[in-house]
Amino acid sequence: VRNLLTARAQYDYVLFLDADSEIVDEQYLQKYLDALDGKSVIIGGRQYAEAKPEETYRLHWRYGRQRETRPLADRQRRPAAFFHSNNMIYPRLLNLTFSETTQGYGYEDLVLGQLLEQKDIAIRHIDNPVLHADLESNQAFLQKHKEAMANLAHYLASHNDLGTRIGAHYLTLRRLPFASTVLNLLMGLNPKLESELRKGQAPLFYFDLYRLLILHQLYQRETE
């Protein structure tokens, strides 16, 4: 859909803003206009509401606030690693194209961020966040991350870790003696982990372990 809309664009700049985003600053457009330089991809950032949602939506909210919302200085230090297309503007002449080999949800942003780095196209982060207003239910959020782990497993098997923390940790673990055997044994924990995560109160460590074990299972399938 992003590629289709880009192809239909008629003006000098393309602004991507996800449908579940809410503008929180009346100067939103002006901040982007002030930042335009005709050559860079400019990322505004995202934020989540401070008020806790009901438990059914708590996992997405907690993950978003603790992992996805990053200070501007962090984003500027690692521009491609924190590349998010939910809120960005760029010159149409750059002809950005999202990979259509990525299936379902997950990591298409990092793939494009890597491509921009390879082409020496500047990624600039500014302080112009939008609110991620439409939270996924705990169950839907878990399902989306299952899809994301399938994509990541495919990239890892192709010797591209996309610069992800979980991918790097998994590859490091695999180099340890008996790591695969231990991970296979731990797979039995995933039904319990998923049950706890659906309640919305489990620590994010549970979510990290849950995704790591799914990644291990899918990576083994990819490399058999």
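Find the residue count for segment 200-216, including only residues that are open to solvent by 60 Å² or more (accessible area, probe 1.4 Å), within 14 Å of Gln139 (Cα to Cα) and modelled with pLDDT of 95 or more.
Qualifying residue count, segment 200-216: 0.
From the list Phe98, Phe141, exactly one residue is surrounded by 14 or more Cβ atoms within 10 Å (Cβ to Cβ), part of a helix (DSSP H, G or I) and of a type outside the set (A, V, I, L, M). Which is it?
Numbers: Phe98 fails: part of a helix (DSSP H, G or I).
Among Phe98, Phe141, only Phe141 is surrounded by 14 or more Cβ atoms within 10 Å (Cβ to Cβ), part of a helix (DSSP H, G or I) and of a type outside the set (A, V, I, L, M).
Search segment 51-64 for residues that are in contact (Cβ under 8 Å) with a residue 60 or more places away in the chain and pair each with any residue that is small (Gly, Ala, Ser) and not in a loop (DSSP other than H, G, I, E, B) when their beta-carbon atoms are under 9 Å apart and the residues are at least 6 apart or on different chains.
Pairs found: His60/Ala140.
Taking the conditions exactly as written (at pLDDT below 95, of a type outside the set (Ser, Thr, Tyr), part of a helix (DSSP H, G or I) and open to solvent by 60 Å² or more (accessible area, probe 1.4 Å)), does Asn184 satisfy them or not?
yes
Taking Asp109 as the residue in question, decide whether it is open to solvent by 20 Å² or more (accessible area, probe 1.4 Å) and either under 23 Å from Ser40 (Cα atoms) or not in a loop (DSSP other than H, G, I, E, B) (or both).
Numbers: open to solvent by 20 Å² or more (accessible area, probe 1.4 Å): yes; either under 23 Å from Ser40 (Cα atoms) or not in a loop (DSSP other than H, G, I, E, B) (or both): yes.
Spelling it out, Asp109 is indeed open to solvent by 20 Å² or more (accessible area, probe 1.4 Å) and either under 23 Å from Ser40 (Cα atoms) or not in a loop (DSSP other than H, G, I, E, B) (or both).
Taking the options Leu131, Leu176, name whichever one is surrounded by fewer than 18 Cβ atoms within 10 Å (Cβ to Cβ), at pLDDT 95 or above, among the aliphatic types (A, V, I, L, M) and not in a helix (DSSP H, G or I). Don't jump to the end; show me each part of the working.
Working: Leu176 fails: at pLDDT 95 or above.
So the residue among Leu131, Leu176 that is surrounded by fewer than 18 Cβ atoms within 10 Å (Cβ to Cβ), at pLDDT 95 or above, among the aliphatic types (A, V, I, L, M) and not in a helix (DSSP H, G or I) is Leu131.
For segment 117-128, name all the residues that are acidic (Asp, Glu) and either part of a loop (DSSP other than H, G, I, E, B) or closer than 14 Å to Tyr48 by Cα (or both). Give the derivation first.
Of segment 117-128, the ones acidic (Asp, Glu) are 117, 120, 127.
Matches in segment 117-128: Asp120, Asp127.
For segment 192-224, which residues satisfy the criterion of being among the small types (Gly, Ala, Ser) and part of a helix (DSSP H, G or I)?
Listed by number, the list holds a single entry, Ser195.
Scanning segment 25-83 for residues that are touching a Pro at 6+ places or on another chain (Cβ under 6 Å) and outside any loop (DSSP other than H, G, I, E, B), which turns out most open to solvent (accessible area, probe 1.4 Å)?
Gln47
Please go through segment 151-173 and pick out each residue that is outside any helix (DSSP H, G or I) and surrounded by 12 or more Cβ atoms within 10 Å (Cβ to Cβ).
To start, the set of residues in segment 151-173 that are outside any helix (DSSP H, G or I) comprises 158-164.
Across segment 151-173, the qualifying residues are Asn160, Asp161, Leu162, Gly163, Thr164.
The values are calculated or read from the model by the stated rules, or taken from the named source; none is laboratory data. This one's a predicted model, so the numbers in the text were calculated from it and none came from an experiment. Methodologically, a virtual Cβ is constructed for each residue, glycine included, from the backbone with ideal geometry; neighbour enumeration extends over all protein chains shown. Surface accessibility is based on the protein's heavy atoms, side chains included, excluding ligands, DNA and RNA. Shrake-Rupley method; radii C 1.70, N 1.55, O 1.52, S 1.80 Å.
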